[in-house]
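Chemist: After the structure tokens below, expect a handful of questions from me.
The values are calculated or read from the model by the stated rules, or taken from the named source; none is laboratory data. What you see is a predicted model; the values in this text were computed from it and never measured. Backbone-built Cβ (ideal geometry, glycine too); neighbour counts: all protein chains shown.
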Amino acid sequence: MPTETAEPLIREIDIEAAPETVFEFFIDPAKLTRWLAVEATLDPRPGGVCHQVHEGAGPEHRRFSMEGEFVEVDAPKRVVFTWGFSGPDAVVRPGGSTVEVTLSPIDTGTRVRLVHRGLPAAAVADHSGGWTMMLARLAEAVRGA
Amino acid sequence: MQAVLEAVVEPRRREILRLVRVGEASAGSIAAHFPDVSRPTVSQHLRVLRDAGLLHERREGTRRLYRTRFEGFTEARAFFEEFWDDRLAVLKVAAETEQRRKDADRDR
């Protein structure tokens, strides 16, 4: 399958909170739903489920199911989970990409480094069309959010 | 970026991109793949894809030939950057609020 893989996407942000506090927002469903998803089922240990429901901001409030799995959980320093969407028309393989989060203590609190790996550069190279579907779903999920 | 997303939301347009990802095809042969879709509708799909930068179009005599323009998808990266920037900004506010609440509890 002639799928190109892009360079990993890297984002960083400094947060004025302790790493322990920030870490909870990745593994506690009540906290994850305050910033990333509307529902979450999380079993934060390697191989445990990382299921997030994202809601579209459109009038239909369509819901998109992110079926991930925890790969690494090292509180309060590092958490890694797979990222992909499922659904009747979704052909992107859950597990197709990986989100790695590293928390480092800094004077003012915590530096969060997020690395999203395995995002294919050329969607249509994928036979399944999964990448474009995933984009379409994400677009719906974050529109107006 | 919005044009790319709007373009790929329609299943037939995704199918067109798959048809011409390895080689060029004429508008006529693309239309032949969709017997249930009118020719003007197929032309409209081709226009949307071309305008979004996802299809390369060239003329050969009276024919128009299309192939997938992979560069068009590099913008997808910007979409993800924006997605995570937006989410992380919300995380920052939520975590800082949480920290202040914890600190207040501890000082009580």
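Chemist: Would you tally the residues in region B:1-25 being at pLDDT 80 or above and more than 7 Å from chain A (Cβ to nearest Cβ)? Before you say what the answer is, go through the steps one by one.
Modeler: As a first pass, look at region B:1-25 and keep what is at pLDDT 80 or above: B:12-20, B:23-25.
Still in the running and more than 7 Å from chain A (Cβ to nearest Cβ): B:12-13, B:15-16, B:19-20, B:23-25.
Summing the residues that are at pLDDT 80 or above and more than 7 Å from chain A (Cβ to nearest Cβ) in region B:1-25 gives 9.
Chemist: Assess whether B:Thr41 counts as being in contact with a Phe, Trp or Tyr (Cβ under 9 Å, 6 or more places away or on another chain) and either in contact (Cβ under 8 Å) with a residue 40 or more places away in the chain or surrounded by fewer than 17 Cβ atoms within 10 Å (Cβ to Cβ) (or both). Show your work before the answer.
Modeler: Numbers: in contact with a Phe, Trp or Tyr (Cβ under 9 Å, 6 or more places away or on another chain): yes; either in contact (Cβ under 8 Å) with a residue 40 or more places away in the chain or surrounded by fewer than 17 Cβ atoms within 10 Å (Cβ to Cβ) (or both): yes.
Judged against the criteria, B:Thr41 is a match.
Chemist: Hey, which of the strands (runs of 3 or more DSSP E) in region A:1-110, taking only ones fully inside, have at least 1 residues that are of a type outside the set (Gly, Ala, Ser) and at pLDDT below 85?
Modeler: Numbers: elements: A:9-15, A:39-42, A:49-55, A:63-74, A:78-83, A:97-106.
So the answer is A:9-15, A:49-55, A:63-74.
Chemist: Still on this structure, please answer the following. Mind telling me which of the residues B:Leu88, B:Leu55 ends up being under 25 Å from the mean Cα position of the chain (by Cα) and more than 9 Å from every other protein chain (Cβ to nearest Cβ)? Please lay out each step first, then the result.
Modeler: Working: B:Leu88 fails: more than 9 Å from every other protein chain (Cβ to nearest Cβ).
It is B:Leu55.
Chemist: Report every pair of residues separated by at least 6 positions or lying on different chains whose Cβ atoms are under 7 Å apart, first residue within region A:12-27 and farther than 10 Å from A:Thr110 by Cα, second of a type in the set (A, V, I, L, M, F, W, C) and part of a helix (DSSP H, G or I).
Modeler: A:Phe25/A:Leu32; A:Phe25/B:Leu91; A:Phe25/B:Ala94; A:Phe25/B:Ala95; A:Phe26/A:Leu32
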